[in-house]
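The structure appears below as structure tokens.
The values are calculated or read from the model by the stated rules, or taken from the named source; none is laboratory data. Computed from a prediction, not measured in an experiment: that's the story for all the values here. Counting neighbours? That spans all protein chains shown, and the Cβs are built from the backbone with ideal geometry, glycine included.
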């Protein structure tokens, strides 16, 4: 239940053990209608930006693309699926101009991949290719030269891993899944790559 409070009581609502609850504030009719306020979140919001071309259909099993922030401030959308086709496409979004641009494609088309960046290089990690082979290979993209190169493969092939850059620029591939003999296996491995 959402508590109903007077405007003067708004700052007193706090729940330290969990995120703050939304609060409905009653404002006298002479000022305006009731509104919903999320304490501690007044400046946080989502906004629609320019759609990326072309719109990929990522509802396929493992068909999702990966995204990563480049050192150049661009947001890179990498791989993914378009209907029954696996893509090697790369697009860069410039948040300051709201414009998408096509970049050099990866050598391996893949969907269900992860991406992370370290020291000015973006890494495309794992995924699944057009022939449904689960990948352990990794490619590295250098935005300043708009070029791809092969990086060291992961020990464990996987689809839909998560990836994050940790302390000292190490990249961690976490979880995911693969199929062996028709059996889906969840990957428990966390593997670290030092560029």
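Output the residues belonging to region 82-120 that are under 16 Å from residue 172 (Cα atoms) and either in contact with a helix residue (DSSP H, G or I) (Cβ under 7 Å, 6 or more places away or on another chain) or surrounded by fewer than 20 Cβ atoms within 10 Å (Cβ to Cβ) (or both).
Within region 82-120, 118, 119 qualify.
With respect to residue 155, is the statement that it is closer than 17 Å to residue 81 by Cβ and modelled with pLDDT of 95 or more true?
no
Looking at 114, 124, 119, which is the one that is more than 28 Å from residue 48 (Cα to Cα) and modelled with pLDDT of 95 or more? Walk me through how you get there before you give the answer.
Values: 114 fails: more than 28 Å from residue 48 (Cα to Cα); 124 fails: more than 28 Å from residue 48 (Cα to Cα).
Matching residue, one of 114, 124, 119: 119.
So which residues in region 152-195 are part of a strand (DSSP E or B) and over 21 Å from the mean Cα position of the chain (by Cα)?
Listed by number, the residues that qualify are 179, 180, 183, 184, 185.
Only one residue in 145, 108, 97, 102 is touching a residue at least 12 places away in the same chain (Cβ under 8 Å) and part of a loop (DSSP other than H, G, I, E, B). Which one?
108 is the lone residue from the list that is touching a residue at least 12 places away in the same chain (Cβ under 8 Å) and part of a loop (DSSP other than H, G, I, E, B).
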